[in-house]
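Note sheet for the following structure.
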Amino acid sequence: MINSFYPAVEETISSLPISEISADRMPVIRQTVDYILGKIKSNQEVRLNFICTHNSRRSQFSQIWAQTAADFFGIEAFCYSGGVEVTAFNERAVAAIRRDGFKVVQKGEGNPVYFVFHGESSEPIITFSKVYDDPINPTTGFAAVMTCDHADENCPFIPGTEKRIPLRYEDPKAFDGTDLEEKMYSERSHQIGSELFFIFQKVKENLQ
């Protein structure tokens, strides 16, 4: 572990269900590992833009967990997120990230900007709902990581991308307003965290 982390974040990381990653996820995970390794070995910046339809749940989880995993393993990577339309970082997803021990500072209303910290000395992960080509996101030299099937199928062309990776997840939105809401948001967050920690762990192992 390279950077300092809040104890509650460390506890979440230590309990991520990495051993439960299924075999059918391995090909796309390998694609992601290979892309990151290729960029590092050619001395180029690693830029990952996680994309889903509304940039409200899965892509936000992915950006936060990818940046956290990269920092954890000391891998220099720049992680972003976007969508095909603007809504807001869903409050239920924000709550799940807070439950995982992250410090989240909100600025503004409507479509707030959230500054997410995994430790006292960490740089903030800046999150808000935006289109994938928002000025805050890279325009060239990045991988478009498609985290939902709708965005993957309805965005056949992402300008500037070097690699398109279909790392899809089920939408916890289906459980909004139910007794399972909190459980399923946390479950999805932890699934995404598990796969991204596994990815960056493999990158680290291949660089040693």
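Readers should treat all values here as calculations from the given coordinates under stated rules, not as data from a laboratory. Keep in mind the model is a prediction, meaning the values are calculated, not measured. All Cβ positions, even for glycine, are placed from backbone atoms using ideal geometry, and neighbour counts span all protein chains on display.
Summed over qualifying helices (DSSP H, 4 residues or more, each -39500 (n - 2.57)) and divided by its residue number, the chain shows a 222 nm mean residue ellipticity of -12500 deg cm²/dmol.
Karplus-derived 3J(HN,Hα) values for the range 17-28, using 6.51 cos²θ - 1.76 cosθ + 1.60 with θ = phi - 60°, are x, 4, 5, 8, 5, 7, 4, 6, 8, 5, x, 6 Hz; glycine and proline are entered as x. Out of every Cα-Cα pair that the range 158-208 contains, those further apart than 14 angstrom amount to 66 percent. Springs between alpha-carbon pairs under 10 angstrom, Gaussian network model over the chain: which of 141, 108, 119 fluctuates most? Looking only at 141, 108, 119, the biggest GNM fluctuation is shown by 108. Backbone N atoms of the range 33-76 closer than 19 Å to the 7 Å Cα→Cβ label point of residue 107 belong to residues 64. Cβ crowding within 10 Å, taken as a proxy for footprinting-reagent exposure, orders 118, 190 from fewest neighbours to most as 190, 118.
What does a probe at residue 45 reach in the range 82-107, counting residues whose amide N is under 15 Å from the point 7 Å along Cα→Cβ? Taking a point 7 Å out along Cα→Cβ of residue 45, no residue of the range 82-107 has its backbone N under 15 Å. Pairs exceeding 19 Å between alpha-carbon atoms, taken from 107/183; 39/130; 130/204; 41/202: 107/183; 39/130; 130/204.
Stokes-Einstein diffusion coefficient for the range 42-173 at 25 °C in a medium of 0.890 mPa s, Rh from the Kirkwood formula over Cα pairs: what value in µm²/s? Rounded, D is 166 µm²/s. In this structure the amide hydrogen of residue 146, modeled in the peptide plane, comes within under 5 Å of the amide hydrogens of 51, 165, 167, none closer than 5 places in sequence on its chain.
Residues whose amide H falls under 5 Å from that of residue 78, counting only those 5 or more places apart or on a different chain, are 46, 47, 48, with hydrogens built in the peptide plane. The packing ranking, built from the mean of other Cβ atoms within 10 Å per residue, places the peptides 169-175, 15-21 in the order 169-175, 15-21, highest first. Among beta bridges from DSSP that stay inside the chain, the antiparallel ones total about 35%. A Gaussian network model of the chain, with springs between Cα atoms under 10 Å, assigns the largest mean-square fluctuation among 50, 61, 72 to 72.
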